[in-house]
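Contents: one structure, followed by commentary.
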């Protein structure tokens with residue numbers, strides 16, 4: 001009898017979870033996950049080539065405007081989107097709100113985003129993602145946050161960026177931090193990795209895995225502030241394997257065309273000529289926010305570290 | 001004659017519009033097969049084989065059109081070179097696609113239902129029943145398509161319960177599951193053997 005093994009073993013994940021949970025996330029690579037607030041937008045996203053949609057009641061730009069407590073979306077609205085499209089449907093839960101997560105799993109949502117974009121429900125604990133069969137995606141600003149989320153069971157990591165701003169600067173900061181911290185681990189001895197593990201508050205095995213492979217043990221996507229095809233390609237060149245676009249598409253002048261353009265930009269992220277072609281005549285991008293002028297309490301990225 | 005041998009270097013093309021093409025590249029390399037990403041028509045020149053990866057078939061369809069790759073790929077798929085298609089890749093090759101209906105290259109006489117085993121919650125690793133794969137071989141099904149009909153000239157190589165999940169017609173091999181996610185999966189060995197065998201034959205002819 002032949003013994004089969006997944007392409008990689010990941011500390012804390014069973015062999016089955018590596019192929020089915022992380023394997024699901026591998027299928028999204030090279031693609032664009034788009035925020036949608038109703039079935040009509042979901043159909044537009046699918047037709048434009050989105051590899052998945054994120055169902056939510058308000059895109060981050062409107063969450064900022066609206067204020068108040070932001071929670072998981074109406075199950076009826078998520079179901080309408082699940083019925084409307086054949087691509088995976090993701091949805092968000094508040095950080096630490098494991099009951100919202102149980103509800104999304106009961107609805108058979110394909111992937112759960114434990115998201116700083118919603119108002120956190122628990123300031124101490126994230127959801128224990130290991131007890132769920134549904135894969136989770138979580139945001140990070142650096143390697144420590146990424147590995148803590150993976151240790152809790154996240155099968156996919158994305159940069160937090162600063163959602164709803166149309167400003168890519170924070171996503172760039174987070175991706176650069178993550179990638180340079182990964183590079184820093186390469187070739188280090190056990191002593192150094194042990195010190196790092198205790199500094200980052202994660203198991204040694206996870207730090208050792210990253211040091212050995214030179215990357216995260218789960219796919220690494222980008223999110224938070226992507227508004228143009230060039231922004232998407234920028235994140236890909238910095239090391240992202242796929243891109244989440246939130247407010248950037250349906251808050252722009254011509255969502256359909258912009259969605260298609262970003263899809264092509266992610267496939268051809270290293271080909272400036274294609275980027276030029278897809279960027280022509282896209283109309284108004286979403287109005288951006290300068291993060292320097294933003295009061296610290298408005299920054300979503302500092303939630304759930 | 002020497003130039004012929006150079007031309008038939010066994011480079012395998014991997015359709016790299018979207019999906020887990022990097023996992024396929026890793027699998028090909030583990031069998032010593034060099035590969036090339038296919039993102040435009042010119043990337044199809046001189047290939048010894050072709051892989052259509054997993055991912056989202058609707059995304060791939062959209063990009064095939066945008067890149068003007070539909071016709072060139074259709075010709076390549078009918079050229080007789082070995083092809084391996086997994087999950088979304090298999091959907092692209094099926095003669096008929098349901099749930100919903102969508103376009104396809106129709107080089108495999110099968111009917112597939114997209115997400116035929118349900119949403120991600122129902123994904124997982126399942127035992128395969130087969131007379132050509134080693135005993136104990138499993139397959140990882142991720143929001144997998146389900147084959148509901150197989151044409152007479154299409155060979156079924158493996159089943160999951162009573163469903164055909166690995167099919168072959170001539171040089172085209174397609175799986176509902178993801179052999180590329182596992183190290184040296186027997187299905188990959190089968191495809192690599194096909195490429196290796198053909199290359200050796202071609203080289204012998206050249207010499």
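Observations on the model:
- Residue check for residue A:112: crowded, with 17+ Cβ neighbours inside 10 Å and away from chain B (no Cβ under 14 Å): no
- Residues (outside any helix (DSSP H, G or I) and at the interface with chain B (Cβ under 7 Å from one of its Cβ atoms)) located in segment A:5-24: A:5, A:6, A:7
- Members of segment B:141-156 that are surrounded by 21 or more Cβ atoms within 10 Å (Cβ to Cβ) and either without any contact (Cβ under 8 Å) to a residue 12 or more places away in the chain or within 14 Å of another protein chain (Cβ to nearest Cβ) (or both): B:141, B:142, B:143, B:144, B:145
- Given (1) within 21 Å of residue B:69 (Cα to Cα); (2) surrounded by fewer than 17 Cβ atoms within 10 Å (Cβ to Cβ); (3) within 14 Å of chain B (Cβ to nearest Cβ), index of the condition residue A:272 fails: (3)
- Looking only at segment B:85-103, and only at residues there that are more than 13 Å from residue B:154 (Cβ to Cβ) and in a helix (DSSP H, G or I), the one that is nearest to the other protein chains (Cβ to nearest Cβ): B:88
- Meets criteria (modelled with pLDDT of 95 or more and under 23 Å from residue B:22 (Cα atoms)) for residue B:116: no
- Considering segment B:13-32, and only residues there that are assigned to a loop (DSSP other than H, G, I, E, B) and at pLDDT below 95, the residue that is surrounded by the most Cβ atoms within 10 Å (Cβ to Cβ) turns out to be B:31.
- Filtered residues of segment B:125-140 (kept if facing another protein chain (nearest Cβ under 7 Å), part of a strand (DSSP E or B) and farther than 20 Å from residue B:57 by Cα): B:125, B:138
- Qualifying positions in segment A:205-230 - surrounded by 16 or more Cβ atoms within 10 Å (Cβ to Cβ) and free of Cβ contacts under 8 Å to residues at least 24 places away in the same chain: A:208
- Single residue of segment A:69-96 satisfying the filter (over 18 Å from the mean Cα position of the chain (by Cα) and more than 18 Å from residue A:59 (Cα to Cα)) that is surrounded by the most Cβ atoms within 10 Å (Cβ to Cβ): A:85
- Restricting segment B:104-124 to residues that are within 8 Å of another protein chain (Cβ to nearest Cβ) and in a loop (DSSP other than H, G, I, E, B), the residue that is surrounded by the fewest Cβ atoms within 10 Å (Cβ to Cβ): B:118
- Residue satisfying condition, being touching a residue at least 12 places away in the same chain (Cβ under 8 Å) and part of a helix (DSSP H, G or I), within set B:81, B:60: B:60
- Within segment A:208-232, the set of residues being more than 30 Å from residue A:54 (Cα to Cα) and touching a helix residue (DSSP H, G or I) at 6+ places or on another chain (Cβ under 8 Å) comprises A:208, A:211.
- The listed residue being under 13 Å from the mean Cα position of the chain (by Cα), more than 9 Å from chain A (Cβ to nearest Cβ) and either within 26 Å of residue B:11 (Cβ to Cβ) or crowded, with 24+ Cβ neighbours inside 10 Å (or both), out of B:69, B:44, B:50, B:64: B:50
- Odd one out for residue B:90, checked against (1) in contact (Cβ under 8 Å) with a residue 12 or more places away in the chain; (2) touching a helix residue (DSSP H, G or I) at 6+ places or on another chain (Cβ under 8 Å): (2)
- Among the residues of segment B:53-60, not a single one is in contact with a strand residue (DSSP E or B) (Cβ under 6 Å, 6 or more places away or on another chain) and away from chain A (no Cβ under 14 Å).
- Taking segment A:133-152 as the range and being touching a strand residue (DSSP E or B) at 6+ places or on another chain (Cβ under 7 Å) and surrounded by fewer than 24 Cβ atoms within 10 Å (Cβ to Cβ) as the test, no residue passes.
- Wholly within segment A:236-299, helices (runs of 4 or more DSSP H) carrying at least 3 residues that are closer than 21 Å to residue A:38 by Cβ: A:247-250, A:255-267
- The criterion of at least 2 residues that are without any contact (Cβ under 8 Å) to a residue 60 or more places away in the chain and farther than 23 Å from residue A:175 by Cα is met by the following helices (runs of 4 or more DSSP H) wholly inside segment A:50-161: A:60-66, A:75-84, A:98-106.
- For residue A:2, the criteria (1) within 14 Å of another protein chain (Cβ to nearest Cβ); (2) modelled with pLDDT under 95; (3) in a helix (DSSP H, G or I) hold in every case but one, which is (3).
- Subset of segment A:25-42 [more than 11 Å from every other protein chain (Cβ to nearest Cβ) and either in a helix (DSSP H, G or I) or free of Cβ contacts under 8 Å to residues at least 60 places away in the same chain (or both)]: A:38, A:39, A:40, A:41, A:42
- Residue check: residue B:20 meets all listed conditions (1) under 27 Å from residue B:186 (Cβ atoms); (2) more than 8 Å from chain A (Cβ to nearest Cβ); (3) within 14 Å of the chain's Cα centre (by Cα) but one, namely (2).
The values are calculated or read from the model by the stated rules, or taken from the named source; none is laboratory data. This one's a predicted model, so the numbers in the text were calculated from it and none came from an experiment. Counting neighbours? That spans all protein chains shown, and the Cβs are built from the backbone with ideal geometry, glycine included.
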